[in-house]
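Engineer: Below is a structure I'd like to ask you about.
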Amino acid sequence: MQWINENKLKFFRTPGKHIRVDRKDFLDFLNEYRMPVPDELITFAQENGKRKILIVDDDKEMMQAIKRILMREKVFLIAIANDGFEAGREFSNFKPDLIILDIKMPGFDGYQVCSYIRKDLADTRVKILAISGISASAEGAKKIIRLGADDYLAKPFSNEELKMKIRSLLGQEKGRSYAR
């Protein structure tokens, strides 16, 4: 009730004056506040054709820019993580279809996150798009691909480059939806 009173969670009233929350609004709320999404809501999201993307970057401005680009598409559920440790938690709770993963982060970096997902969890279902400002280093790109990333994108990149990579990784052609 507190979230409703603070206008953080959208709601509506039934004719009998009962408070109700739409599933989509609740799912958006959980994603915005990085809360675990129950399995039954994951199924709901998938049935509505939305693909889930986890953005992992310690640069908050970059993360927000990517999120804005993807939110305009209106076909994604977005979760964010500020570092490698948080990425592991979000990966387990959110169960993304795609991870946009910054390579250079303090502590648990993108190389370690990628390796953990591919080797320790043996999860090949999720696609990983590595991004990095170290574009001058071809070795960095080669290393992240060796560790299991599906593709690499050097910063700075255009909105169209990002969307093209996502379409490719999610198996969609330009102009078609991202739905499964």
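Engineer: Inside the stretch 1-31, can you point out the residues that are within 30 Å of Glu86 (Cα to Cα) and not hydrophobic (A, V, I, L, M, F, W, C)? Write out each step before concluding.
Structural biologist: Of all residues in the stretch 1-31, those within 30 Å of Glu86 (Cα to Cα) come to 1-11, 21-31.
Across the stretch 1-31, the qualifying residues are Gln2, Asn5, Glu6, Asn7, Lys8, Lys10, Asp22, Arg23, Lys24, Asp25, Asp28, Asn31.
Residue-by-condition table, conditions (1) touching a His at 6+ places or on another chain (Cβ under 7 Å); (2) more than 21 Å from Gly148 (Cβ to Cβ); (3) touching a residue at least 12 places away in the same chain (Cβ under 8 Å):
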{"site": "Arg51", "(1), (2), (3)": "no, no, yes"}
{"site": "Ile55", "(1), (2), (3)": "no, no, yes"}
{"site": "Gln64", "(1), (2), (3)": "no, yes, no"}
{"site": "Arg68", "(1), (2), (3)": "no, yes, no"}
{"site": "Phe76", "(1), (2), (3)": "no, yes, yes"}
{"site": "Ile80", "(1), (2), (3)": "no, yes, yes"}
{"site": "Ile117", "(1), (2), (3)": "no, no, yes"}
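Engineer: Can we say Leu77 is under 22 Å from Ser168 (Cβ atoms), open to solvent by less than 10 Å² (accessible area, probe 1.4 Å), at pLDDT 90 or above and not acidic (Asp, Glu)?
Structural biologist: Numbers: under 22 Å from Ser168 (Cβ atoms): yes; open to solvent by less than 10 Å² (accessible area, probe 1.4 Å): yes; at pLDDT 90 or above: no; not acidic (Asp, Glu): yes.
No.
Engineer: Further, regarding this structure: Just one of Arg68, Arg20, Arg89 is in contact with a Phe, Trp or Tyr (Cβ under 6 Å, 6 or more places away or on another chain) and modelled with pLDDT of 85 or more; which is it? Steps first, please.
Structural biologist: Details: Arg68 fails: in contact with a Phe, Trp or Tyr (Cβ under 6 Å, 6 or more places away or on another chain); Arg89 fails: in contact with a Phe, Trp or Tyr (Cβ under 6 Å, 6 or more places away or on another chain).
Going through Arg68, Arg20, Arg89 in turn, the sole match is Arg20.
Engineer: Also, quick follow-up: List the residue pairs whose Cβ atoms are under 7 Å apart, where the first residue sits in the stretch 160-172 and is without any contact (Cβ under 8 Å) to a residue 12 or more places away in the chain, the second is open to solvent by less than 40 Å² (accessible area, probe 1.4 Å) and among the aliphatic types (A, V, I, L, M), and the two are 6 or more positions apart or on different chains.
Structural biologist: Listed by first residue and then by second, the contacts come to Glu161/Leu153.
Engineer: Which one of Ile144, Ile99, Ile131 is touching a residue at least 12 places away in the same chain (Cβ under 8 Å), crowded, with 22+ Cβ neighbours inside 10 Å, out of contact with any Gly (no Cβ under 8 Å at 6 or more places or on another chain) and more than 21 Å from Met35 (Cα to Cα)? Spell out how you get there, then give the answer.
Structural biologist: Working: Ile144 fails: out of contact with any Gly (no Cβ under 8 Å at 6 or more places or on another chain); Ile99 fails: more than 21 Å from Met35 (Cα to Cα).
Residue meeting the stated conditions: Ile131.
Engineer: Further, regarding this structure: Are any of the residues in the stretch 65-73 among the aliphatic types (A, V, I, L, M), in a loop (DSSP other than H, G, I, E, B), in contact with a helix residue (DSSP H, G or I) (Cβ under 9 Å, 6 or more places away or on another chain) and surrounded by 19 or more Cβ atoms within 10 Å (Cβ to Cβ)?
Structural biologist: Initially, the stretch 65-73 is screened for residues among the aliphatic types (A, V, I, L, M), giving 65-66, 69-71.
Adding the requirement that they be in a loop (DSSP other than H, G, I, E, B) leaves none.
Within the stretch 65-73 (the criterion being among the aliphatic types (A, V, I, L, M), in a loop (DSSP other than H, G, I, E, B), in contact with a helix residue (DSSP H, G or I) (Cβ under 9 Å, 6 or more places away or on another chain) and surrounded by 19 or more Cβ atoms within 10 Å (Cβ to Cβ)), the answer is no, since none of the residues qualifies.
Engineer: Quick check, is Met105 modelled with pLDDT of 90 or more, open to solvent by 30 Å² or more (accessible area, probe 1.4 Å) and more than 17 Å from Asp28 (Cβ to Cβ)?
Structural biologist: Working: modelled with pLDDT of 90 or more: yes; open to solvent by 30 Å² or more (accessible area, probe 1.4 Å): no; more than 17 Å from Asp28 (Cβ to Cβ): yes.
Against the criterion (modelled with pLDDT of 90 or more, open to solvent by 30 Å² or more (accessible area, probe 1.4 Å) and more than 17 Å from Asp28 (Cβ to Cβ)), Met105 does not qualify.
Engineer: In the stretch 80-96, which residue that is assigned to a helix (DSSP H, G or I) and not small (Gly, Ala, Ser) is most open to solvent (accessible area, probe 1.4 Å)?
Structural biologist: Of the residues in the stretch 80-96, the ones assigned to a helix (DSSP H, G or I) are 84-94.
Going one step further and asking which of them are not small (Gly, Ala, Ser), we end up with 85-86, 89-91, 93-94.
Numbers: Phe85: 158, Glu86: 21, Arg89: 109, Glu90: 6, Phe91: 14, Asn93: 50, Phe94: 7 Å².
Once the filter is applied, the top-ranked residue is Phe85.
The values are calculated or read from the model by the stated rules, or taken from the named source; none is laboratory data. Source: prediction; values computed, not measured. Backbone-built Cβ (ideal geometry, glycine too); neighbour counts: all protein chains shown. Surface accessibility is based on the protein's heavy atoms, side chains included, excluding ligands, DNA and RNA. Shrake-Rupley method; radii C 1.70, N 1.55, O 1.52, S 1.80 Å.
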